[in-house]
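Below: the structure, in structure tokens.
The values are calculated or read from the model by the stated rules, or taken from the named source; none is laboratory data. In this text the structure is predicted, and so the values were computed from the model without any measurement. Cβ sites come from the backbone with ideal geometry, for glycine too, and all protein chains shown count toward neighbours. Just the protein is used for accessible areas: all its heavy atoms, side chains included, with ligands, DNA and RNA removed. Shrake-Rupley method; radii C 1.70, N 1.55, O 1.52, S 1.80 Å.
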Protein chains: 2
Amino acid sequence: MAQAKPQNVKVKKSVTLRDVAKKADVSIATVSHVLNNTREVREQTRKRVQQAIDELSYHRNDIARELKTGSSGLVGVLIVDYNPFYTDVLRGIEEAVEPLGWKFVVASTGENWEKQKELLHVMISRRMQGILIAAVDGFDSKYVESVVPADIPIVLFDRRVAGSQMVSVTSMNFEGARQAVEHFYQHGYKKIGFVLGKDLISSFQDRKSGFEQEIKRLNLISRIEEDYPSIEGGYEAGRRLFSKLNYDFIPEAVLVGNNMMLIGFLEFLREHQLRVGVDVAVISFDYQAWCDVITPPMTVIRQSSKKMGVTAVNILKQKIDGNSPDDVRLQVELSIGGSCGCMQKINRSNHLF
Amino acid sequence: MAQAKPQNVKVKKSVTLRDVAKKADVSIATVSHVLNNTREVREQTRKRVQQAIDELSYHRNDIARELKTGSSGLVGVLIVDYNPFYTDVLRGIEEAVEPLGWKFVVASTGENWEKQKELLHVMISRRMQGILIAAVDGFDSKYVESVVPADIPIVLFDRRVAGSQMVSVTSMNFEGARQAVEHFYQHGYKKIGFVLGKDLISSFQDRKSGFEQEIKRLNLISRIEEDYPSIEGGYEAGRRLFSKLNYDFIPEAVLVGNNMMLIGFLEFLREHQLRVGVDVAVISFDYQAWCDVITPPMTVIRQSSKKMGVTAVNILKQKIDGNSPDDVRLQVELSIGGSCGCMQKINRSNHLF
DNA sequence: TTGTAAGCGTTATCAA
DNA sequence: TTGATAACGCTTACAA
């Protein structure tokens, strides 16, 4: 009895080297060499091959190629989420990767070590040239080091991992927080609040240390409220900071731990009719373009986010070239707007919105 | 004469199935089956294999696997840049892809067809399950259709391509612009400006048509200034719109074409002491969180950006399952703040910043 | 100047 | 319950 034809035949098998070779009446080796320009081919033959390629609209299967050659020309990037800070870093990576002739792909992990592990495996098993990682809370460097093959270099960015040998590029977070407190002090504020992200990652920890140390040095009064590093978290931490239960402590100035929390915190202030730069001085980590168009403009601790991306790629390049680059700490800049209490007069006359 | 050992021996060859098989004293087939749970294996054997895997810290080479199986479980996404709108879409994609057990990777092309072509090839040659594309200005659908294998479905998002058969998910841009003009009209404004991106992409074109049609219907006076869809472009277009040379036309209300241009445009207004919602009514495309914390809050035409991502994935899924899904046009919402001139009183009393 | 053939590390089809 | 072995589509010695 004749068997029925299977229904799900793959109609269009993809065109391979062999198809091209047959059509051009040459060997697959020749086609490969034409494709890669990797040995002399008679002009006439080359033309025939090229024509066959065009006619069949052949495209090399890079998976096969990579399996053979072992490298992909692709850099993998793991970010925590698509917030504006990381997207700035990505722009830097893009810029740096281009002249090297590489490409890169991105995946986001959330603040979730399990997911970061999974995506790390995606990157490893796709044999990336290298992997750039913003390490999440819970990052297990021992595990990573044991799992990643020696020929796939890893570079951490934005967040160091304590006790690991992995090279990293981060911002001078400690110094940034310190400067902010010092600036508040110069304005004469004595009671300083800090709206901080609760994750156990180096950037927040460093900011916390810098804050605490400077508070102590200048003999100020402070209060830190930690919450999720999100809009909601910023709102909540603000609420707790200004809670009526804190009779003894209503902050005159507040430092905010990142850009997302800032939005939530500003929302809180607006709802409670607290005027930025007048009733409460505010400085926040992370510059974004919109910080300039609000009134008063935000005073922010600005990271070199794009440069962070560029640097991460450079470090990666060095590792690939067999060097052992050192950790990099990028400068931060206290960029003065009006939200910290500076330029009150200018703000008043400039009060357009 | 003995030859010198080559200097660049690859010290650490990666661990393969074969290594594991040897160590566990089984065949590679068995190891493969243990890994993939694809046939019964005696408990004892399974344990031995698992142990070998752990001891060697073996990780499957997915490149080889894909070469064999032909599919990758990866979705490729091509965005134009990492602006907040696309990152919202990405969050939607992430959400939708997760329950399907897929992963996705992103690359950004700029408004640059050549680069988009290159990255499209990266995606094709890595044999993605499917590819989601925000088509750039210059997108050649004929070319794409000829180049992409039949078994890799493509879904366009954010931007349709005229005259192509490719399925797309976009926002009701026409309707959004129309509503904005109508809203201005209800406020009594007669002279309406439009700060628009100059790229030839469907979203801008649709917004332009919607704007023009409603202007005509309501018999209003208008002026469109096109520029790069960036902060600088927004600033420049604003400058031209309010140029002293336009004696006959100084806009009472301005529609802004996207979020980036909005920032530039707001910068322009501030510099020239034009008060938003008082001297000039403003409505902008694209909601971002910061739009709520400025004064007055922005009135925006809000796209369902996250839903766009979810929908794109759903469409992709349908195509993979062999269906022929239709184009989707997502609802937009005119989200009222104070910048359009609404709630003047509330703004005044609420004038915290 | 071109062709042959051996892998790369998997999966899958047989056979044992 | 397990093992041999042939692909997958490419690159690259080595041969011709």
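Here are the numbers for the structure shown:
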item	result
Nearest-0.05 FRET efficiency for B:Ala162 and B:Asn112, computed from C-beta distance (R0 25 Å)	0.80
Too-long pairs where the Cα-Cα distance tops 29 Å, listed order kept, from B:Lys190/B:Lys306; A:Lys103/B:Lys306; A:Lys68/B:Lys317; A:Lys23/A:Lys68; A:Lys198/A:Lys317; A:Lys319/B:Lys115	B:Lys190/B:Lys306; A:Lys68/B:Lys317; A:Lys198/A:Lys317
Calculated from backbone phi, Karplus (6.51, -1.76, 1.60) coupling profile of region A:129-143 in Hz, x at Gly/Pro	4, x, 9, 9, 10, 8, 5, 7, 4, x, 3, 9, 5, 4, 4
Average silhouette area of chain A, convex hull of alpha-carbon atoms, in square nanometres	28.0 nm²
Per-residue ³J(HN,Hα) for region B:101-118, Karplus 6.51 cos²θ - 1.76 cosθ + 1.60, θ = phi - 60°, Hz, x for Gly and Pro	x, 9, 10, 9, 10, 10, 9, 10, 10, x, 7, 9, 5, 4, 5, 4, 4, 4
Debye, to nearest 20: dipole size of region B:17-60, +1 on Lys, Arg Cβ, -1 on Asp, Glu Cβ	100 debye
For A:Val167, distant residues with modelled amide H under 5 Å away	A:Leu156
By accessible area with a 1.4 Å probe, ligands and nucleic acids excluded, highest first: order of A:Asp326, B:Asp199	A:Asp326, B:Asp199
Amide H contacts under 5 Å for B:Gly130, placed H, 5+ residues apart	B:Gly76
Selected from B:Tyr185, B:Ile28, A:Gly238, residue furthest toward positive end of dipole (the protein assembly as shown; charges at beta carbon)	B:Ile28
For chain B, the longest site-free run once trypsin sites (Lys or Arg not before Pro) in DSSP loop states with at most 11 other Cβ atoms within 10 Å are removed	B:43-243
Rounded percent of accessible protein surface that carbon and sulfur make up, the protein assembly as shown, 1.4 Å probe	48 percent
Debye intensity ratio in log₁₀ form over the Cα atoms of region A:83-155, taken at each q of 0.22, 0.27, 0.28 Å⁻¹	-1.11, -1.41, -1.44
Vicinal HN-Hα couplings computed from phi for region B:320-329 (Karplus, 6.51 cos²θ - 1.76 cosθ + 1.60; Hz; Gly/Pro x)	4, 7, x, 8, 10, x, 8, 4, 10, 10
Chain A: most fluctuating residue of A:Ile224, A:Ile154, A:Ile283 per GNM, C-alpha cutoff 10 Å	A:Ile224
Rounded tilt (10° steps) of A:259-271 against the dominant C-alpha axis of chain A	40 degrees
Rounded to the nearest 20 debye, dipole of chain B from Cβ charges on Lys, Arg, Asp, Glu	1240 debye
Pseudo-label separations to other copies for B:His272 - Cα-to-Cβ vector, 7 Å, nm	3.9
Å² of accessible area per residue within the protein assembly as shown, as computed with a 1.4 Å probe and no ligands counted	46 Å²
Positive minus negative residues near B:Asp227 (Lys, Arg vs Asp, Glu; Cβ under 12 Å)	-2
MRE, 222 nm, helices only [DSSP H, n ≥ 4, -39500 (n - 2.57), over chain B, to nearest 500]	-13000 deg cm²/dmol
Around B:Tyr287: net Lys/Arg minus Asp/Glu count, Cβ-Cβ under 10 Å	-3
Amide H partners (placed H, <5 Å) of A:Arg159, local residues excluded	A:Ala135
Equivalent ellipsoid semi-axes, region A:276-348, via Cα gyration tensor eigenvalues times 5, rooted, Å	37, 10, 7
Globularity index of region A:17-60, i.e. its alpha-carbon radius of gyration over 2.2 N^0.38 Å	0.96
Cα gyration tensor category, rounded, prolate or oblate, for region B:186-247 with a/c compared to 1.5	oblate
Other protein chain Cβ atoms within 10 Å, averaged over every residue that makes up B:140-153	2
Rounded, prolate or oblate (a/c below 1.5 giving rounded, otherwise prolate when a/b exceeds b/c) for the protein assembly as shown by Cα gyration tensor	oblate
Rounded to the nearest 20 debye, dipole of region A:173-303 from Cβ charges on Lys, Arg, Asp, Glu	340 debye
For region A:213-353: rounded, prolate or oblate by the Cα gyration tensor [a/c cutoff 1.5]	prolate
Solvent-accessible area buried by B and A, counting both chains, probe 1.4 angstrom, square angstrom	6100 Å²
